[in-house]
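Participant: First the structure, then my questions, so here it is.
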Amino acid sequence: MTFTQDLYGATQDILKQCFNHPFIKGIENGNLDIEKFKFYMIQDYLYLYDYAKLFAIGILKSDNNDDMKLFASSLNSTLNTEMAIHRGYMERLGISEEDVSNSSGPVWRVSI
């Protein structure tokens, strides 16, 4: 058995818990409270905002062109693809950038 197979086998209980989490089940069956989804969208958007900053730091700390390109590509993808998907959902849900700014903030915060 490979190390990966061993890890996969050892985490089956956790994986089942993830797939059976009420939030995931609510999305799956269409019964998730819309306010919970809105909260998730805001939290995930804030996460992506900080995630993008980490890629920017990667660019600054890179010692070669290939690493800079990799971090720049990830930064671009996060800002212009992932966050665009969120902005589309947020628009449909009536969540403004002001709502995001005025939210209670992320459950966590990256200090950079």
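Participant: Take every Cα-Cα distance within segment 36-95, group them into 10 Å bins from 0 onward, and report for each bin the whole-number percent of pairs it holds.
Facilitator: Result returned by the calculation: 24, 43, 22, 10, 1.
Participant: How about segment 37-104: which trypsin sites (Lys or Arg not before Pro) there are in a DSSP loop, with at most 15 other Cβ atoms within 10 Å of their Cβ? The partial results should precede the final answer.
Facilitator: Working: sites: Lys38, Lys53, Lys61, Lys69, Arg87, Arg92; in loops: none.
Passing sites in segment 37-104 do not exist.
Participant: How large is the Rg to Rh ratio of the chain when both quantities use alpha carbon positions and Rh follows Kirkwood? Walk me through the numbers before you get to the answer.
Facilitator: Details: Rg = 17.8 Å, Rh = 16.7 Å.
Value, to two decimals: 1.07.
Participant: Using a Cα-Cα cut-off of under 17 Å, which aspartates and glutamates could be cross-linked to Lys38, ignoring same-chain neighbours fewer than 8 residues away?
Facilitator: Leaving aside aspartates and glutamates fewer than 8 places away in the same chain, those within reach of Lys38 are Glu28, Glu82, Glu91, Glu97, Glu98, Asp99.
Participant: Further question: Report, ordered by chain and residue number, the lysines lying within cross-link reach of Lys69, taken as a straight Cα distance under 18 Å and ignoring same-chain residues fewer than 8 apart.
Facilitator: Here the lysines satisfying the reach criterion relative to Lys69 are Lys53, Lys61.
Participant: What are the aspartates and glutamates whose alpha-carbon lies under 19 Å from the alpha-carbon of Lys25, with same-chain residues fewer than 8 places away excluded?
Facilitator: Filter leaves Asp13, Asp33, Glu35, Asp44.
Participant: Sticking with this structure for a sec: Just want to confirm a number: the relative contact order over the chain, from Cα pairs under 8 angstrom separated by 6+ residues, in percent.
Facilitator: Working: 53 pairs, mean separation 30.4, N = 112.
Once divided by the residue count of the chain, the mean separation gives 27 percent.
Participant: List the residues of segment 39-58 whose backbone N lies under 13 Å from a point placed 7 Å from the Cα of Arg87 along the Cα-to-Cβ direction.
Facilitator: So the set is 49.
Participant: If each residue's Cβ is checked for other Cβ atoms within 10 Å, how do Met83, Met1 rank with the fewest at the top?
Facilitator: Working: Met83 18, Met1 7.
In increasing order of surrounding Cβ atoms, one gets Met1, Met83.
Participant: Taking the alpha-carbon centroid of each part, what is the distance from segment 75-99 to segment 7-33 in angstrom?
Facilitator: Centre-to-centre distance over Cα atoms comes out at 25 Å.
Rule-based calculations on the coordinates, nothing more; no lab input. The structure presented is a predicted model; accordingly, all values stated were derived computationally and were not measured. Note that we place each Cβ from the backbone using ideal geometry, even for glycine, and neighbour counts take in every protein chain shown.
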